[in-house]
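Structure record follows, encoded as structure tokens.
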Amino acid sequence: MFSDYGYSEEKKLGKAYDFRLLKRLWPFTRPYRIHLFCAVLLIICITLLELALPYVTKMAIDRHIVPDREISGRIVGDEKNRLLYADTSRKEIADLVRKYPSLFHTDSRGSGIALADVSKMEMTDIMVLRQKDIAGVGFLAGIFLIIVLLDFGLNFVQVMVMEYAGQGVMHDLRMKLFSHIQGLSVSFFNRSPVARLVTRTTNDVQNMHELFTSVIVFVFKDVFLLTGIAAVLLSIRWQLALICFTLLPFMIWISLYFSRQVREIFRTLRIKTSEINTRFSETIGGIKVIQLFRQEKANYKKFTVLNHEFYEAGMGQIRIFGIFMPMIELFNAVALALVIYYGGRGVLSEEVSLGVLVAFISYMRMFFNPIRDIAEKYNILQNAMSSAERIFLLLDTDERLSSPEKEPRLLQNIEHIAFENVCHAYVKGETVLRDVSFRITAGETVAIVGPTGAGKTSAINLLIRFYDPVSGCIRINGQDIRELDIARVRSETALVTQDPFLFSGTVRDNIVQGNRDFSEEKMMEVLENANCRSLIEKLPDGLDTLLSEGGSSISSGERQLLSIARAFARDPGLILLDEATSYIDSETEVRIQEALARLMENRTAIIVAHRLSTARSADKILVLRQGSIIESGNHAQLMEKRGFYYKLHQLQNRSSEDGAAPGISVS
Ligand code: M5T
Ligand code: MG
């Protein structure tokens, strides 16, 4: 069974709307429900304010600038000779009527002047006559300004509230992912490329943020704005509105068409991004191998191809948007032309007021913005959905080790450990351990020896429950470890691995591993026992020296010594030691051996021995070959038997005489 390491996941095309996914996302928004609700309310207020602006302009024109009979009620008369009535109760206006007797007509309603004649008056007189209109325009301009300021303020609050919720959701989601990943069993990580998991907690979570801040709430805004504008347009001049709406079906069709096009491109971009990320991380991780094998050119070529594909996809996106956006603008222009033509005709024939025409033009401009954004929103939505799908896929991976159904038994001290017919396979069918049985009592040391790939590390992995065996069972104090609280077992255990991993951070932090109350004397004792004193003294800042990622800034022998110190600091009852295979100079080797001997003193220990000198002093030696125990006994017994162990011994002695690295990992 081969895994594609999850790459096909990137290739999935997300549905833009998947209610199942939205339903699953909902709980994450629960703590921010009030914020989301406020944001929607604010959006509605903002939209209303924005809708009001053109209407205020219309009022200014129709009521005061070019007063319309229907609105102001101050103009009467036949079509050609409409009169603007003067308020003669005020002295200065009565004076005007007297000053221009030929312009003012007096009838039963009072004195009025035709609009067309107003310009025949002197400028200052016009100002006096239209004082009220000027004040009205000023008032409306003030209202306009207040609306704009209010809109600005509400927009700010809305963005803050929305971001608070968006960032919060992202924060929670990231925490959830992190703790989930941390709790997964080791076998999961064997199958998952690091770059992919990192992308989950960064890119995919970021896409969720976009979903909240630029889609969900704005869908409300757009729908509200579109219906609002349509309603206003229909109410102020339905004939003109219907003419403009004839364009809508075309626009919707174009938007959908382009959305589909962009969808394909976005998918390619996503796949290429993840491929580029993986190549980068692999190149950086494997830089030594690449340089050593002179693979720079080949690697560069591969990257060139990848990068070019990415570039092509990016350009494709630009091309599509480059056609789409101007096309929408074109439709907008056509709609405006229609408004100007039909509206202009209406104004000329006095069917439509000038204010209505101006308002129509402004509303049409607003009307096209949401439509233009549909394609973009659609893609954000789609991206977010496929991210959500991948996030949930990860959250659904429940590759944890089964936890006991009953209350786990509290482990007292480890009295004895037994492997009973343990069989294991990492991949179905590829058996790594066959029928392994052995027993160890407290205080004893068991050494496991055998050729490389025999399954020695695997036996240790099973004991610490990184994996569960396929069949058979492992018992501690007679209790199956699957029924024990594994955290307790682990806290009783120190594991010194074949290739010790140190974290980036100080040497001290690496040794104490989060144990805060670790006294300075205790530390000195640990360093003494682990033979680390001279090493620490050599480091520039002693215990506070910062180590690089993985501890790669110190030698592997030094790493081993520090990992032994780490084991001492834990002061465990059980030592699991997977001796390093790497060659170490004899002086360091002696120091490590001494430290290990001290560590195992009075403790139960299972050691994977690569050097026979380590195995020699063990109470029991298990010889593992191709997953089965083929011999067991102490050193003397096994030598006497003249079997596989004896052969290994001979081989090792010969190779160390030849000056080669000591080690018994020969098959
Ligand atoms: C035994 C396979 C490995 C080998 C066999 C740790 C590990 C091992 N294997 C996996 O498939 N996944 C794993 O995570 O199991 O491997 P081992 O137990 O590591 O062998 P060893 O410790 O005796 O060898 P060495 O070289 O450390 O002396 O086929 O592929
Ligand atoms: Mg190993």
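The values are calculated or read from the model by the stated rules, or taken from the named source; none is laboratory data. Since this is a predicted model, take the numbers as computed values, not measurements. Please note: Cβ atoms are built from the backbone with ideal geometry, for glycine as well, and neighbour counts cover all protein chains shown. What goes into the accessible areas is simple: the full protein's heavy atoms, side chains included, and nothing from ligands, DNA or RNA. Shrake-Rupley method; radii C 1.70, N 1.55, O 1.52, S 1.80 Å.
Odds and ends about this structure:
- Region 442-470 - residue that is over 20 Å from Gln498 (Cβ atoms) and open to solvent by 50 Å² or more (accessible area, probe 1.4 Å) and, of those, farthest from ligand 2 (Cβ to nearest atom): Ala442
- In region 611-643, the residues that are more than 14 Å from ligand 1 (Cβ to nearest atom), touching a strand residue (DSSP E or B) at 6+ places or on another chain (Cβ under 7 Å) and not polar (S, T, N, Q): Ala618, Asp619, Lys620, Ile621, Glu631, Gly633, His635, Leu638, Lys641, Gly643
- Residue check, Asp544 over 17 Å from Pro500 (Cα atoms), in contact with a strand residue (DSSP E or B) (Cβ under 6 Å, 6 or more places away or on another chain) and exposed (fewer than 15 other Cβ atoms within 10 Å of the Cβ): yes
- Pairing each residue of region 456-473 that is touching a residue at least 12 places away in the same chain (Cβ under 8 Å) and charged (D, E, K, R) with any residue that is away from ligand 1 (no atom under 13 Å from the Cβ) and in a helix (DSSP H, G or I), provided the two are 6+ apart or on different chains, yields C-beta distances under 8 Å for Arg465/Ile481; Arg465/Arg482; Arg465/Ile486; Arg465/Val489; Arg465/Arg490; Asp468/Arg482.
- In region 579-610, the residue that is farthest from Ala459 (Cα to Cα) out of those that are among the small types (Gly, Ala, Ser) and away from ligand 1 (no atom under 16 Å from the Cβ) is Ser586.
- Those helices (runs of 4 or more DSSP H) lying entirely in region 580-649 with at least 1 residues under 45 Å from the mean Cα position of the chain (by Cα) and not small (Gly, Ala, Ser): 586-600
- Taking region 499-528 as the range and being touching a residue at least 40 places away in the same chain (Cβ under 8 Å), open to solvent by 10 Å² or more (accessible area, probe 1.4 Å) and under 34 Å from the mean Cα position of the chain (by Cα) as the test, the residues that pass are Asp499, Phe501, Phe503, Ser504, Gly505, Thr506, Val512, Gln513, Asn515.
- Residue, nearest to Glu525 (Cα to Cα), within region 547-568, restricted to residues that are assigned to a helix (DSSP H, G or I) and open to solvent by 10 Å² or more (accessible area, probe 1.4 Å): Phe568
- When the criteria are applied in full, Ile536 meets the requirement of being in contact with a Gly (Cβ under 7 Å, 6 or more places away or on another chain), open to solvent by less than 20 Å² (accessible area, probe 1.4 Å) and away from ligand 2 (no atom under 16 Å from the Cβ).
- Some residue of region 585-602 being without any contact (Cβ under 8 Å) to a residue 60 or more places away in the chain, in contact with a strand residue (DSSP E or B) (Cβ under 9 Å, 6 or more places away or on another chain), of a type in the set (S, T, N, Q) and under 18 Å from Asp499 (Cα atoms): no
- The single condition among (1) within 16 Å of ligand 2 (Cβ to nearest atom); (2) in contact with a His (Cβ under 9 Å, 6 or more places away or on another chain); (3) open to solvent by 60 Å² or more (accessible area, probe 1.4 Å) that Arg439 does not satisfy is (1).
- Phe220 being in a helix (DSSP H, G or I), touching a residue at least 24 places away in the same chain (Cβ under 8 Å) and under 30 Å from Ile361 (Cβ atoms): yes
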